[in-house]
Amino acid sequence: MAQQLDLLKIAQEEQKGDLFKLLDGIYKRSAVKPAGYPDAIIWEGGDAAGGVKPVAHAFTDMFALNGTLMALDVLGLPFLGVPMMAQFRHDSKLVSLEWFGKLDYIALKWSTAGDFMVNEGGKKVVVNGKSANAPLRTAAGVYCNVRPYGGITSIRFMPGLPYSQDRKKFGVDPKTGVIHSEMNTPGVRMAYAARLFLKMVHETRQIGRVATKPTQAQEDAVNAGILRWLLQGTKFELKRRYAVDAYAEHKANVDAIVALLPKDFKAGMENWGGEIHEHISDTNFGILLHDMYQQRKAVVYASDLDGDRLTDLMADGPDVLRGWGQKVLDHVKAGADINKVWKDMGFTMTNGKDMTSVMYRMQGEPIFEQTLGSADAMLLRLLAGDETVGGEKQPYDPRIHFVLINEAYKAANPGNRELARWLDAQLETFDKIYSGHRPRYIDGYNKLKEAIKPWGK
């Protein structure tokens with residue numbers, strides 16, 4: 001068997017040791033540096049056989065770190081690793097977010113607990129930047145994330161937070177396009193997100209649903225205005241519309257942002273077309289459920305705040321629909337299991353844990369992102385020596401690491417059919433090992449190492 005990583009030792013060093021020293025002993029420092037950061041710490045590993053381009057991985061905390069190192073070791077794919085652990089981010093004032101955000105590679109980042117506690121001068125404090133999501137998006141130039149789930153695709157404009165109610169504070173800076181209010185919203189990124197939404201509606205021919213609140217939040221009034229400006233001169237059909245044309249109402253502010261866009265920003269859009277429905281964001285939550293059970297495919301555009309709620313509903317909705325379906329089946333005494341009926345009817349959504357997210361940036365390749373939820377508590381159970389809590393809990397399921405790696409490496413290496421086939425085969429191997437009774441974490445790692453021949457070997 002190939003040399004093993006001591007995953008338990010890595011977890012222990014992260015909690016009470018020198019994780020940097022340990023990782024330096026496992027991986028070599030890379031010559032690859034993000035532009036403008038010659039002192040950046042980047043690790044590298046894996047095998048680039050067949051010209052496979054690496055993916056940049058954020059080395060964060062708990063199972064987000066441990067599961068990543070485990071999966072990369074099993075698969076042997078080439079990678080770049082950026083230190084993003086909470087304590088290091090805190091001590092270095094978030095400098096590694098700049099390193100990660102400026103690397104011109106497809107990247108993979110995990111969202112972990114927002115209230116991570118770190119040491120500062122002998123006392124415990126909440127980590128600077130919390131989960132690091134917001135500052136990373138700013139550093140990386142992220143303008144939206146795309147989350148497909150079943151027939152619904154959510155496009156969430158980031159970092160747009162429509163909170164502003166104070167007209168006195170409101171305005172658009174003509175030099176930067178930043179919408180000044182209680183929050184500062186980058187209008188140029190807003191325009192890129194809205195254009196991507198229209199592009200996806202055009203290419204997929206799915207229903208385009210706009211979920212904003214222009215009557216309540218002034219940022220969203222500008223948002224709606226940008227969208228109306230983009231629709232001008234296209235073949236899109238506005239099936240349902242707001243009572244007021246937000247571009248006409250907020251023309252000066254929208255034009256201030258438009259003036260900062262590339263001159264060819266709308267090039268080719270004259271041939272784009274599709275069906276657009278403008279909704280108040282809250283209405284979209286109900287419509288989404290109808291789209292789900294009727295298997296109506298739709299692309300939904302929302303701001304950061306409402307997009308977060310929307311994806312939560314996308315994740316939770318299928319469980320509600322299945323629960324209701326089982327009640328109906330039981331009532332009519334059908335003797336059928338809703339889970340089988342669900343699959344037979346062509347529904348693919350499970351429980352939201354397999355919902356992937358891709359963040360698009362103004363410059364550079366996209367960032368694949370996923371939330372691990374309770375993975376922090378799970379690693380602490382592993383460290384305590386009882387990962388099943390006396391048989392009450394399931395061991396950690398690292399499948400999402402392999403799923404996201406599958407997608408990220410395919411995106412980083414388009415057209416590499418040999419790699420794509422190999423990635424799919426390894427995911428099938430994983431599913432065979434983890435089907436039925438889930439193995440304990442270290443046991444599962446050992447079984448994967450025995451069953452999978454690493455890339456390039």
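The set of residues from the stretch 413-453 being touching an Asp or Glu at 6+ places or on another chain (Cβ under 7 Å) and under 24 Å from residue 107 (Cα atoms) is empty. The set of residues in the stretch 104-127 being at pLDDT below 90, touching a strand residue (DSSP E or B) at 6+ places or on another chain (Cβ under 6 Å) and not in a strand (DSSP E or B) consists of 115, 127. Evaluate the following for residue 53: is it open to solvent by 40 Å² or more (accessible area, probe 1.4 Å) and touching a helix residue (DSSP H, G or I) at 6+ places or on another chain (Cβ under 9 Å)? Considered against the rule, which asks whether it is open to solvent by 40 Å² or more (accessible area, probe 1.4 Å) and touching a helix residue (DSSP H, G or I) at 6+ places or on another chain (Cβ under 9 Å), residue 53 comes out as yes.
Evaluated against (1) modelled with pLDDT of 90 or more; (2) on the phi < 0 side of the Ramachandran plot; (3) surrounded by fewer than 22 Cβ atoms within 10 Å (Cβ to Cβ), residue 76 falls short on exactly one condition, (2).
Only residues that are part of a loop (DSSP other than H, G, I, E, B), of a type outside the set (Phe, Trp, Tyr) and open to solvent by less than 60 Å² (accessible area, probe 1.4 Å) were counted across the stretch 334-362, and they come to 7.
Just to be sure before I move on: is residue 93 among the charged types (D, E, K, R), open to solvent by 10 Å² or more (accessible area, probe 1.4 Å), at pLDDT below 95 and within 27 Å of residue 138 (Cα to Cα) in the structure I sent? Steps first, please.
Values: among the charged types (D, E, K, R): yes; open to solvent by 10 Å² or more (accessible area, probe 1.4 Å): yes; at pLDDT below 95: yes; within 27 Å of residue 138 (Cα to Cα): yes.
So residue 93 fits the description; yes.
Just one of (1) outside any helix (DSSP H, G or I); (2) closer than 26 Å to residue 406 by Cα fails for residue 385. It is (2).
The single residue among 376, 312, 316 that is at pLDDT below 90, within 29 Å of residue 102 (Cβ to Cβ), open to solvent by 20 Å² or more (accessible area, probe 1.4 Å) and in a helix (DSSP H, G or I) turns out to be 376.
Selection within the stretch 307-345: residues that are touching a strand residue (DSSP E or B) at 6+ places or on another chain (Cβ under 6 Å) and not polar (S, T, N, Q). The member of this set that is nearest to residue 197 (Cα to Cα) is 307. Identification of strands (runs of 3 or more DSSP E) wholly contained in the stretch 197-296 with 2 or more residues that are closer than 19 Å to residue 154 by Cβ and open to solvent by 40 Å² or more (accessible area, probe 1.4 Å) yields 273-280.
Tell me, which residue of the stretch 430-441 that is part of a helix (DSSP H, G or I) and crowded, with 16+ Cβ neighbours inside 10 Å is farthest from the chain's Cα centre (by Cα)? Across the stretch 430-441, the extreme among qualifying residues is 433. Within the stretch 1-22, the set of residues being surrounded by 14 or more Cβ atoms within 10 Å (Cβ to Cβ) and either closer than 13 Å to residue 80 by Cβ or of a type in the set (Asp, Glu) (or both) comprises 13, 14. Any chance the stretch 411-429 includes a residue that's within 19 Å of residue 64 (Cα to Cα) and in a helix (DSSP H, G or I)? Among the residues of the stretch 411-429, at least one is within 19 Å of residue 64 (Cα to Cα) and in a helix (DSSP H, G or I), which makes the answer yes. Restricted to the stretch 128-138, and to residues there that are in a helix (DSSP H, G or I), open to solvent by 30 Å² or more (accessible area, probe 1.4 Å) and of a type outside the set (Ser, Thr, Tyr), the residue that is modelled with the lowest pLDDT is 134.
The values are calculated or read from the model by the stated rules, or taken from the named source; none is laboratory data. Since the model is a prediction, treat every value here as computed from it, not as a measurement. Cβ atoms come from the backbone with ideal geometry, glycine included; neighbour counts cover every protein chain shown. These accessible areas exclude ligands, DNA and RNA; they are computed on the full protein's heavy atoms, side chains included. Shrake-Rupley method; radii C 1.70, N 1.55, O 1.52, S 1.80 Å.
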